[in-house]
Every structure is written in structure tokens, then in C-alpha cells.
Amino acid sequence: MTEIVYQLRNLAKEYAGRRVLDIDFLDIYRGEVLAIVGPSGSGKSTLLQLLNFLESPCQGTITFNGEVYHSARLPSLEVRRRVTTVFQRPLLLNRTVWQNVFYGLALRNSPEREQRARQALNQVGMLDAAHQGALSLSGGEGQRVSLARAIALQPQVLLLDEPTANLDPYNIRKIEDIIKDLNRDQQVTMVVVTHNIFQARRLAQRVAFLMEGKLIEVASNPAFFESPQDARTAAFVAGDMVY
Amino acid sequence: MITDFSEIITLSLRVSGIALFFSTLLGLPIGALIGLYRFPGRKLVVALLYTGMGFPPVVIGLLVYLLLSRSGPLGSLGLPWLPELFTPGAMIIAQTIISFPMVAGFTMAAILAIDPQLRQQIRSLGASEWQIAMTLLSEVRLGVIVSIVAGFGSIISEVGAVMLVGGNIAGRTRVMTTAIVLETRKGNFDLALALGAVLLGLTFLANLIMLRLQGKVLD
Ligand SMILES: Nc1ncnc2c1ncn2[C@@H]1O[C@H](COP(=O)(O)OP(=O)(O)OP(=O)(O)O)[C@@H](O)[C@H]1O
Ligand SMILES: [Mg+2]
């Protein structure tokens, strides 16, 4: 039996009275990689923010590890710490690369901090830049440090918002390998937002298509790509969608 | 002569130093609170702060004067811990009131300039509300240092308020600025110029020290 990590029910988020996310039903399973695809502005990043409990929904519930949360019941710090996000833009602290990766570990007083930070930096190929100021990194380097900072925490759930958007093909493959390894070896549950259909295909066990805040289709890989049920999904996958 | 000279400088530094300590103690948390959190009445506090930053120091001197004078509301109460007029304590009060809006205002501005998403990222890394606040403050450490320098600049070179509440009493409340005014009026341009040079040098030195500090914090 597959365990469910997240159950989203009747979940909505509004900004200034405009509904930007409206999900009736979505389950996320333990140890899976779920890809979220969809046009720009369809609410992908907003969904990740709700999953990380960074924003609270205006309606509906998120059940996480069997506990029900909603706008009037937010998870404790300890629960929140099981989830972390790699943001679309690398938002690094004005400190060294090392201190950035060390940051979340220090907050938690994690054991073996040094070793975990070093290992994470090594994994993304940024160990040599450990003592460089993080704000002086290039876009792609920043993105890799941002990923290292998240995986060092060994979260139960890792949310990735366009993790390879600024990277060259070599580094894209490297990051994708890290994601696959984490999922295979440590059963980290992952939600990956990507614009890249091929990346979704390479990484995910299931794919969800989001459009104007609504879930149009959720299907397993490769059925999602090969036999989409909804005409809009088919158009999006084929690159024919106009938006 | 020389002892007068160094006495004046020492008193200036002591008064402004203590005032700066209090205005940082007061201004930093206020600036941080307004910068970090939304709460009812926040707009009003911001408006008051901006007013405070642009408030003519001499008027603050006047208000402190009225407040502390024996016939004033506080003077007549005879509170023992309140300094009397024409003492360094009175000058410290005036300078604290002049400079804390600077410290608070610049700290607030520095925090508001932070990318709002950075806060989300910090939260996402597992920071508690308190840890988020401390991390954001450390992100704007340069702005905080600058706010303190600005506060120092606003009081070390101020004349009107210290003249009013201090009274420019030789050996007791005579600071550099009030001494310069007096010596110039008396035609003692040498002494006035010398004090002016020290004042200039001090502000320069303060900025230099702060720059050094900034470098250290960054490493
Ligand atoms: N903090 C906010 N305040 C107001 N509107 C917001 C906010 N965050 C997101 N929105 C709006 O919500 C909608 C969905 O935004 P979101 O960032 O989730 O889209 P996205 O699918 O991630 O897009 P992209 O692929 O371009 O990153 C957009 O129209 C956006 O303008
Ligand atoms: Mg987005």
C-alpha cells in the first residue's frame, strides 16, 4: 500500500480577491517524484508555497503526514522543518557559500553539520567555492548552492521550483542525477515544478498539469505524455497551447 | 587652555556617545519592528518616524527645555532620576530624541528593501519567527551600521538643542559646537578653527571605523 504524504482537498489561494489556485483534490505519495507543469502564472509556485506552509490557504485543507492543516491551524516549526523549497530564483544570504549551506543545519542544531554541508556542496560541485561570497556567484552556481542548502537538510519532502532553469546541459544532467539519486536512495518525496516537458518525463513518476490555478490532469509517466485525457493537456504537451 | 580644549572634546564624545547608545537601544528595535511586521497603526508610526527624522533639532531642544524646566510638567514633579536643565544629562536626552528616529528610520528602510521572497526562503529553510527576524537583520547589517553613523552625525554636529538645554557652561556643558559658536563670537578664530578641525576629523574617523567594521562583518 502506498502511503500518502499530502492530501489536498478543496484548496484555494487568493491574492487581492483573485483566485490564483483552486485545487479540488490532489494526493502526493511517499517517495514519489511529482512533476508540476503548466503555463506561466498558472499557480505552480503558489502550490509549492502552500505545500511548504509558507502561505496559508484561504480555503480548504492540507493533510500532511496524517495531520490536517488549514488557515486556522498551521503546522508547528518542527513539522514545517520536514519540508523545504528550492526557489525559482536562488535567494542566498549575504554570507559565504559555506555559511549558506550551513544555515538551515545550524537552525536545527543538526548532528554532523560540517559533514552534511560538505557532502551537499560536493554533490552539486560547489565545494571549491565554499568560501566565496554567495552573492558573487553566477546564476547557475547560485542555483546549485541553493539546491545544496536544501539537500543538506535531508528533508522528508523537497520542493523544487524550476531547479535547472539557469543551467547548462552538463549541470542540468548533474542536478537531475542528484534528484533521482535522492529519490531512489533516500525515498525523498519530491515535487518538481518545471517548464521543461522532457525534464518532467525524465524525472517524474507522475505529472500534474496546472492551468489558471486548476488541476486539469494528473497522470502517471509516460501515460501523461503519450495518452493525455484532456485536450488542453494534449495541446500543452505538444507545444501547441497558446497562452 | 589645552585642558579646556580636551575637556570640551571629551564631553562632546561622552554626551553624543551615550545618546547614541540609547538611540540605538531604542531605534533599532523600533525600526526592525516596523520593517518586519504589519500591525494596526503601523502607518501612523512610520509617519511619526519620518516627522522625527525631519524635526528641527532646535525645536526638540525647546521641548526638552520646557519639559525639564522647574516650571515645566516634569520639572515640577521633581522626579529624582530626571536630569536637571543645563547638565550633560539634559543634553543626552535631547540628543537621544534627535537621533533615534534616524536609527529607526534607516533600519526600517534597509529591512523594507529586502526581497520579500528571501523571507519566504529563510522560513522554508526552517527558521522560527525570531530566527527570521535575526537573519533579516543580519542581512541588512550594513544598513544598520549606516543608520548608527547617521545618528551620530546628526548629534555630534548639532548646536541649537545642546545650547538650549545645556546652556554652554564652561567646564560643565560646553561641547565642541557650542564652543565654536562662542569662540567665533569672541573673535578667537584659532580656537574655533581648531575645534572645527577636530569635529571634522571625528566625523571622518567615525565613518572610517564603520567602514572597517563593515569589512569585518562581510568576511
Ligand atoms: N504574493 C503575491 N501577490 C499577488 N499575486 C501573486 C502573488 N504571488 C503570485 N501571485 C499571482 O498568482 C498567479 C500565480 O503565480 P505563480 O507564481 O504561482 O505562477 P507560476 O505558475 O509559478 O508561474 P511561472 O511559471 O511564471 O513561475 C500569478 O498571476 C501571480 O501574479
Ligand atoms: Mg513560478
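May I ask you to list, by number, the DSSP H helices of chain B whose Cα span along the axis is at least 24 Å and whose average Kyte-Doolittle hydropathy reaches 0.5 or more? TM-like helix candidates: B:2-36, B:88-112, B:189-218.
Solvent-accessible surface of the protein assembly as shown, averaged per residue with a 1.4 angstrom probe and all protein chains in place: 47 square angstrom. Of interest is the spacing of the C-alpha centroids, which for region B:125-146 and region A:1-57 amounts to 29 Å. Counting only residues at least eight positions apart within a chain, or on another chain, the lysines with an alpha carbon under 28 Å from that of A:K13 are A:K44, A:K214, B:K43. Using a probe radius of 1.4 angstrom, the carbon and sulfur fraction of the accessible surface of chain A is 47%. Relative contact order for region A:92-243: 17 percent, from Cα pairs under 8 Å spaced at least 6 residues apart, divided by residue count. The helix-based estimate of mean residue ellipticity at 222 nm for the protein assembly as shown, built from -39,500 (n - 2.57) per DSSP H run of four or more residues and divided by its residue count, is -17500 deg cm²/dmol to the nearest 500.
Comparing B:L202, B:N168, B:L74 along the charge dipole axis of chain B, the residue lying farthest to the positive side is B:L74, per the Cβ-charge model. For the pair region A:63-87 / region B:1-75, the C-alpha centres are spaced 44 Å from each other. In a DSSP loop and with at most 16 other Cβ atoms within 10 Å, the GluC sites (Glu not before Pro) in region A:177-243 are A:E212.
The values are calculated or read from the model by the stated rules, or taken from the named source; none is laboratory data. Quick caveat: nothing in here was measured; it's all calculated off a predicted structure. We place every Cβ from the backbone using ideal geometry, glycine too, and count neighbours over all the protein chains shown. In case anyone asks, the SASA skips ligands and DNA or RNA and just uses the protein heavy atoms, side chains included. Shrake-Rupley method; radii C 1.70, N 1.55, O 1.52, S 1.80 Å.
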